[in-house]
Amino acid sequence: MNLPNKLTLARVVMIPFFVVFLLTNWGGSASKWIALAIFIVASLTDLLDGHIARKYNLVTNFGKFMDPLADKLLVCAAMICLVETGKLPAWIVIVIISREFIISGFRLVASDNGRVIAASYWGKFKTTFQMLMICLMIADIPAIALLTDVVMWVALVLTVVSLADYLQKNKDVLSEQH
């Protein structure tokens, strides 16, 4: 259990605390700010664990499996909570989660054929905007409501563009025979 894997597990452990603070008044008037802080720290562990794993050659099969799963759990939990609080339309979350299922399915088929499909820059931009959208929606600052809406739409467009790019670049995955 190396440091990157510990950071990944820490991200998973943070999710229930994030959810509790976001959906309850457990922290009083500071609840949403505590939830936001937890989300930001959890998101930063995502950047940190991958960087450390690659820089110090600490990449493991556990990390390859758990890191993307932890990311999806964090982002999906946050978006579902934002639907619950009325800050994010459910249909947008359905589009975003559907994209994740499609990509995961493609990666599974590719892996079965001995092929590894790396994340693209479109996917990285998508993740960045989704996380920024989540932070802005949690903060829920009326003075920047327009910015929050713009970031939401950019995140949605990047979700669709990254899916299209991914499918186009890897269309042969479904036609490969093993």
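The values are calculated or read from the model by the stated rules, or taken from the named source; none is laboratory data. All values derive from a computational prediction rather than experimental measurement. For neighbour counting, all protein chains shown are included, and Cβ atoms are generated from backbone atoms with ideal geometry for every residue, glycine included. What goes into the accessible areas is simple: the full protein's heavy atoms, side chains included, and nothing from ligands, DNA or RNA. Shrake-Rupley method; radii C 1.70, N 1.55, O 1.52, S 1.80 Å.
Annotations for the structure displayed:
- Residue in region 83-102 that is basic (Lys, Arg) and in contact (Cβ under 8 Å) with a residue 40 or more places away in the chain present: yes
Each row is one residue, and each column tells you yes or no for (1) under 19 Å from the mean Cα position of the chain (by Cα); (2) among the hydroxyl-bearing types (Ser, Thr, Tyr).
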residue: Met1; (1), (2): no, no
residue: Leu7; (1), (2): yes, no
residue: Arg11; (1), (2): yes, no
residue: Phe17; (1), (2): yes, no
residue: Thr24; (1), (2): no, yes
residue: Leu36; (1), (2): yes, no
residue: Asp46; (1), (2): yes, no
residue: Asp49; (1), (2): yes, no
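- All of (1) among the aromatic types (Phe, Trp, Tyr); (2) at pLDDT below 95; (3) crowded, with 16+ Cβ neighbours inside 10 Å hold for Phe129 with one exception: (2).
- Residue match in region 114-128 (condition: touching an Asp or Glu at 6+ places or on another chain (Cβ under 8 Å) and of a type in the set (Phe, Trp, Tyr)): yes
- Scanning region 35-63 for residues that are under 19 Å from Leu132 (Cβ atoms) and in contact (Cβ under 8 Å) with a residue 12 or more places away in the chain yields Ala35, Leu36, Ile38, Phe39, Ile40, Val41, Ala42, Ser43, Thr45, Asp46, Leu48, Gly50.
- Lone unmet requirement of (1) without any contact (Cβ under 8 Å) to a residue 40 or more places away in the chain; (2) open to solvent by less than 30 Å² (accessible area, probe 1.4 Å); (3) not basic (Lys, Arg) for Ala77: (1)
- Matching residues, region 99-124, being open to solvent by 50 Å² or more (accessible area, probe 1.4 Å) and closer than 30 Å to Thr24 by Cβ: Phe101
- Pair list, Cβ < 9 Å and 6+ apart or interchain, from region 136-163 residues that are open to solvent by less than 70 Å² (accessible area, probe 1.4 Å) to residues that are of a type in the set (A, V, I, L, M) and not in a helix (DSSP H, G or I): Met137/Leu88; Thr148/Ile141; Met152/Leu88
- Taken across region 84-98, residues that are out of contact with any Cys (no Cβ under 6 Å at 6 or more places or on another chain), farther than 23 Å from Leu23 by Cα and either open to solvent by 50 Å² or more (accessible area, probe 1.4 Å) or at pLDDT 90 or above (or both) do occur, with at least one present.
- Checklist (1) surrounded by fewer than 21 Cβ atoms within 10 Å (Cβ to Cβ); (2) modelled with pLDDT of 95 or more; (3) aliphatic (A, V, I, L, M) applied to Ala42, failing item: (1)
- The condition of being farther than 30 Å from Ser111 by Cα and assigned to a helix (DSSP H, G or I) holds for Val154.
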